[in-house]
Every structure is written in C-alpha cells, then in structure tokens.
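I have placed the structure first, in the form of structure tokens, so that the comments after it can refer back to it.
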Amino acid sequence: MHYCGIDVAMKSSYLYITDSAGRIKGKGELPTTAEDFRRALKRFVPGGLKVAVEAGPQTAWIHDFLVALGAEVHVVNPNKVRLIAESRRKTDKIDAKVLCELLRLDGLPHPVHVPDQETRSLRGLLVARRQLVSARTKVCNVVRGMLRQEGIRLPSRFLTSLAAWGRLLAMEFTHSHLGPVVEAYAETFKALTRSIQVLDKQLARREKADDRAARLQTMPKVGRIASLTFLAAVDQVERFGSSRKLVGYSGLAPTARSSGERTEYGSISREGRRELRAVWVQIAQLVAMDTGKATAPLRKWFSKVAFPRGKKTAIVALARKLLTIAYPLLKQQTEYDAKRLRRAA
C-alpha cells in the first residue's frame, strides 16, 4: 500500500508519497492537471494507493479523477487538521507531507462527503441563481437610493416586477439624468430576470424528477428553492445518524462550553452549509408570520420560546426545529402532518 498527500493549488500542486513503512517513494511539484496526476500516480495504483487531499475549489474533479484511476481518496476539512491549520512553518511541501503521514497513521479526521455529479450540478444551478437574484436586488437598491436622494420615495417592494419598472419609466423626473439612469437599470433588471427564469426552468425539471422535493414541500412555507437547497446541501440524508447531526451540519446548533458541572450555550456555530442555514431561517420567519392552520403548532411553539428569549433567538430555534422535522420526512419517506405535531406538543 502506498500513501499520498496532495497540497492543491490553482496552477500547481505538491505530491508527497510514501509506502507503508514511511519510506519516501516520490515527491515534488507538478501542474494541477488530470494528465500530470495520472503520470505521477498510476504506477502506485496496482499495489493499492490511498490519497489525502484538502477540501477546496478543485476538490470535486480531483476526487472523481483519482477514484476513476483506482485510488482510495480521503477528502479532509483543512480546519480540522490542526498540524496544518496551526503550523507556523506552512509550505506546500510540509502540508502535503503532513497529509500523507496522517493518512498513513490513520490520524485524519472523518472524511468530507463528496456529492455525486448530479448533486453538484444542482448546487451549481442554485449558486448561479442566488448570484443573479443578489445582482438584481442590488440594481433595485441602487435605483431606489438614487431616487430617494431626489426626494422620490418608492413603496416597499415596488421594483420587484417588470410592470413596476414600466410605471417608473413612464414617470417624468425633474432632473434630466434620472431618466437615462432608470432606463439603463431597467434593461439590466429585465436581463437578470430573464436569466433567472432560464435557471428556474432547469430547477423546475429537477424538482419534478425528485420525489424527495415533493415530500419536503408538504411542510408549510417550503417551496421549490427551499426543498432543492436542502437536497443539494444534504445530498444523502442517510449519512446523518440523527437530526441533531443534520442541525450541526447546517451551522444552526448553538456553541457550548462545558466546565465541571456547568455548561454554557452561546451563539450558533455557523459551520457547515451557509445556504442551507440562510434559506431555512427564512422559512422559519415565514412560518412565524403565518396565520394558517398548518403552521399553528409551530407558531405556538415559537411563541413559547420567544416570550422569555426574544424573537430573534426563537426564529433560529424554529429553523432548527424545521430541520428536525424535515429529516424524518426523507429518512422515513413520509409527509408532514400538522396533527401529529399537535399531539407531540
């Protein structure tokens, strides 16, 4: 068996390879390309090759390539490898050597989950959509702020539709520069909206093809984006032994300091998938403001938490609770039942 640690960079990477006894069998820098990795590692595969690589922007294709080559790949969270993260002597060679030695001695933390190509493509679509929505929001805010400087105050959410932009374009402005500016930003808003609609069609097809999304959407206020964000972030819910571990993965679990018999809880950890945390906190806010029967047990629970601890803390707690509800829907292949929630309460 041979062991390899790879410190990956954009243009070049450093490989450090040893045998089971720790004897160096290869080391050096090479371009970060599939063909160069193949030339450097293929001779070690027949006898067994384990590779450790830190999680990063290029991890997915490197992982897939090495697995196809025949290697056993261990993807590592760099924040959990203290010898690398806290080292004062930090070079590519040292990082690769540490990864290799820890892999050989079975001292690496639990490997990072690498989703399959289908899940990664779903993540890519959602990331692209979030970026476009963010850009469109910035366009609206710029125009709103510019008009406010000239004494024109627009109603809340006025610039969220093409019809509203049409009404704005039809207005007569006192200052001559406002017309061309609004017209230019209106075209940008339209272009961004068309791009978002293209991605929405792609996401709608994926939603229709995955019955897990339908089960999640039986929960109140959970729609296409929330359900697909959950599936893209979590991938296989079976890899979480409990809903508590899923909450920890979302970064919504509170931090804790324990000393003797005393335990103090602090703010949420914010570790894990940021988009999962953001979307399900938004769902919690919608549930808390709702007045329907489906959300009644959740709102009652929210009110009990909010009374002594405040609404902000209660919203985060409600988001955690929603994730613990979503977990068994996928694990047990069931649907949301408000009556069952009332009985539990």
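The values are calculated or read from the model by the stated rules, or taken from the named source; none is laboratory data. Fair warning: this is a prediction, and the values are worked out from it, not measured in the lab. Cβ coordinates were reconstructed from backbone atoms using ideal geometry, including for glycine residues, and neighbour counts include every protein chain displayed.
For the range 138-225, the helices (runs of 4 or more DSSP H) that sit wholly inside it and include 2 or more residues that are touching a Cys at 6+ places or on another chain (Cβ under 9 Å) and farther than 19 Å from residue 279 by Cα are 178-209. Restricted to the range 278-309, and to residues there that are in contact (Cβ under 8 Å) with a residue 60 or more places away in the chain and in a helix (DSSP H, G or I), the residue that is nearest to residue 226 (Cα to Cα) is 283. What do you reckon, is residue 51 in contact with a Cys (Cβ under 8 Å, 6 or more places away or on another chain), in contact (Cβ under 8 Å) with a residue 40 or more places away in the chain, among the hydrophobic types (A, V, I, L, M, F, W, C) and surrounded by 14 or more Cβ atoms within 10 Å (Cβ to Cβ)? Against the criterion (in contact with a Cys (Cβ under 8 Å, 6 or more places away or on another chain), in contact (Cβ under 8 Å) with a residue 40 or more places away in the chain, among the hydrophobic types (A, V, I, L, M, F, W, C) and surrounded by 14 or more Cβ atoms within 10 Å (Cβ to Cβ)), residue 51 qualifies.
If you go through the range 94-129 and keep only what is crowded, with 17+ Cβ neighbours inside 10 Å, of a type in the set (Lys, Arg) and out of contact with any Ser or Thr (no Cβ under 7 Å at 6 or more places or on another chain), you end up with 97, 123, 129.
For beta carbons closer than 8 Å, sequence separation of 6+ or different chains, a first residue in the range 8-28 that is farther than 17 Å from residue 39 by Cβ and touching a residue at least 60 places away in the same chain (Cβ under 8 Å) and a second that is of a type in the set (S, T, N, Q) and surrounded by fewer than 20 Cβ atoms within 10 Å (Cβ to Cβ), the qualifying pairs are 9/32. For residue 57, indicate whether it is out of contact with any helix residue (DSSP H, G or I) (no Cβ under 9 Å at 6 or more places or on another chain) and either assigned to a helix (DSSP H, G or I) or under 29 Å from residue 269 (Cβ atoms) (or both). So residue 57 passes the test. Taken over the range 13-28, the residue count meeting the criterion of being exposed (fewer than 15 other Cβ atoms within 10 Å of the Cβ) and either outside the structural domain of residue 100 (by TED's automatic domain parsing) or not aliphatic (A, V, I, L, M) (or both) is 7. Might you check whether a residue that is among the small types (Gly, Ala, Ser), at pLDDT below 90 and not assigned by TED's automatic domain parsing to the domain that holds residue 160 occurs anywhere in the range 234-241? No, that holds for no residue. What's the number of the only condition in (1) at pLDDT below 90; (2) surrounded by fewer than 11 Cβ atoms within 10 Å (Cβ to Cβ) that residue 272 fails to meet? Of the numbered conditions (1) at pLDDT below 90; (2) surrounded by fewer than 11 Cβ atoms within 10 Å (Cβ to Cβ), the odd one out for residue 272 is (2).
With respect to being in contact with a strand residue (DSSP E or B) (Cβ under 9 Å, 6 or more places away or on another chain), modelled with pLDDT under 90 and not aliphatic (A, V, I, L, M), residue 264 fits the description. Residues in the range 48-91 that are among the acidic types (Asp, Glu), at pLDDT 90 or above and farther than 20 Å from residue 12 by Cα: 72 only. Of the residues making up the range 88-109, those that are in a loop (DSSP other than H, G, I, E, B), of a type outside the set (Val, Ile, Thr) and farther than 18 Å from residue 71 by Cα are 88, 89, 90, 107, 109. Residues in the range 60-77 that are surrounded by fewer than 14 Cβ atoms within 10 Å (Cβ to Cβ) and part of a helix (DSSP H, G or I): 3 in all.
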